[in-house]
Amino acid sequence: MMIPYGRQEITNEDIEEVKKVLKSDFLTQGPIVTKFEKSVANYCNASYGVAMNSATSALHIACLALGLSSGDWLWTSPNTFVASANCGLYCGANIDFVDINPKTYNMSVDELAKKLEIAKKNNKLPKIVIPVHFAGQPCDMKAIHDLSLNYNFKIIEDASHAIGASYNKIKIGSCCYSDITVFSFHPVKIITTGEGGMALTNDKKIAERLRQLSAHGITRDKSSMSIRPINEIWNYQQTQLGFNYRLNEIQAALGLSQMKRLDKYVSRRHEIAKYYDSQFSDLPLVTPWQLPQAFSSYHLYPICIKENINQNLQKQIYDILHKNGIAANLHYIPVHRHPYFESLGFKEGDFKESEKFHKKVISLPMFPLLKDSECKKVVKVIKKIFKKYESQ
Ligand SMILES: *Cc1c(COP(=O)(O)O)cnc(C)c1O
């Protein structure tokens with residue numbers, strides 16, 4: 001079997017917890033979703049968590065809850081999954097990108113500051129900026145937050161990679177430096193619910209909007225009903241256009257059970273990263289550089305080939321790894337380079353650091369169940385490639 005770049009762990013305890021739900025009265029909305037929301041919010045020290053059926057849904061609803069609509073601008077990083085940008089388009093907003101810092105591969109704070117200054121002159125300041133914690137390494141959130149105070153934009157952290165990470169010793173998800181933080185529970189991410197996501201916030205009003213928008217725009221709270229209750233016995237009203245984006249009890253049971261192992265997972269990921277770091281230090285590779293105030297959850301372990309060597313080396317390494325049973329991956333094709341985004345007017349050369357990064361990066365296997373022997377195999381194959389290369 002191929003060693004994947006990431007995969008989930010499902011324990012017998014997880015299965016037992018899911019079974020209990022399957023035999024219970026509630027499969028959709030019930031006590032376990034609420035428990036899961038509290039568990040994640042407590043872990044991150046955030047006031048509210050609203051579970052949804054994916055991070056993509058959570059990003060969409062987060063944008064709506066912050067009032068994004070047509071004519072507004074949303075900025076994110078080009079080095080991400082397309083969902084970080086699509087959420088703005090769902091709301092009819094315009095999107096743009098801020099190039100990455102070549103050391104952290106996260107949104108560059110200097111580029112952001114420069115772009116904001118220009119946007120201010122042109123009266124095109126963004127309503128929302130979405131920093132993405134690429135590979136699990138937190139962005140420089142304090143610096144981004146400081147800019148948001150100057151330029152008056154909202155912040156949604158796309159923390160799809162970063163549950164379990166922290167910044168300045170504060171857990172990602174605390175929303176200390178943002179309005180909303182979004183997690184993904186897709187099976188390749190840090191913990192899983194099959195498919196799922198969550199939006200966290202400390203603002204009660206935003207939390208209410210998130211909840212209502214993810215459940216058809218329906219309210220059961222009489223005080224927020226726009227007119228008299230329609231009917232005294234069946235008391236709910238749709239007061240805005242919402243969606244059915246809710247997580248169900250079955251998924252929440254899996255997530256709640258996985259939360260118990262979150263810290264263990266992140267420490268195992270650190271162990272693997274440390275091993276890779278130590279093994280690759282003599283090779284012409286750049287291993288993931290860490291911002292001093294950041295503690296990564298190491299969702300990914302991206303290595304970069306030093307720029308001065310062979311153009312085709314990325315593809316060669318990728319092919320050799322695959323031939324040896326190692327399913328390395330590539331994160332990410334810069335979002336603006338996808339045909340759909342090119343059809344919106346973006347083109348090659350727009351965000352040069354992200355494009356350079358994409359041409360030299362490879363994601364190596366990184367997940368808690370990865371065995372020491374498998375890590376050794378990855379290292380051995382990579383070392384062999386460079387030995388061959390050196391002797392040419
Ligand atoms: C996985 C991912 C998403 C989307 O998550 P889903 O839960 O699959 O919708 C969004 N942003 C980033 C950065 C991701 O890696």
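Readers should treat all values here as calculations from the given coordinates under stated rules, not as data from a laboratory. It should be emphasised that the depicted structure is a prediction, and the values quoted were computed from it without experimental measurement. Methodologically, a virtual Cβ is constructed for each residue, glycine included, from the backbone with ideal geometry; neighbour enumeration extends over all protein chains shown.
Among the residues of segment 192-209, the ones that are of a type in the set (A, V, I, L, M) and more than 14 Å from the ligand (Cβ to nearest atom) come to 3 in all. Can you spot a residue in segment 15-30 that is of a type in the set (Asp, Glu), over 17 Å from SER257 (Cβ atoms) and either within 16 Å of the ligand (Cβ to nearest atom) or touching a residue at least 40 places away in the same chain (Cβ under 8 Å) (or both)? Scanning segment 15-30, I find no residue that is of a type in the set (Asp, Glu), over 17 Å from SER257 (Cβ atoms) and either within 16 Å of the ligand (Cβ to nearest atom) or touching a residue at least 40 places away in the same chain (Cβ under 8 Å) (or both), so the answer is no. Would segment 312-323 turn up any residue that is within 23 Å of VAL132 (Cβ to Cβ) and crowded, with 21+ Cβ neighbours inside 10 Å? No, that holds for no residue.
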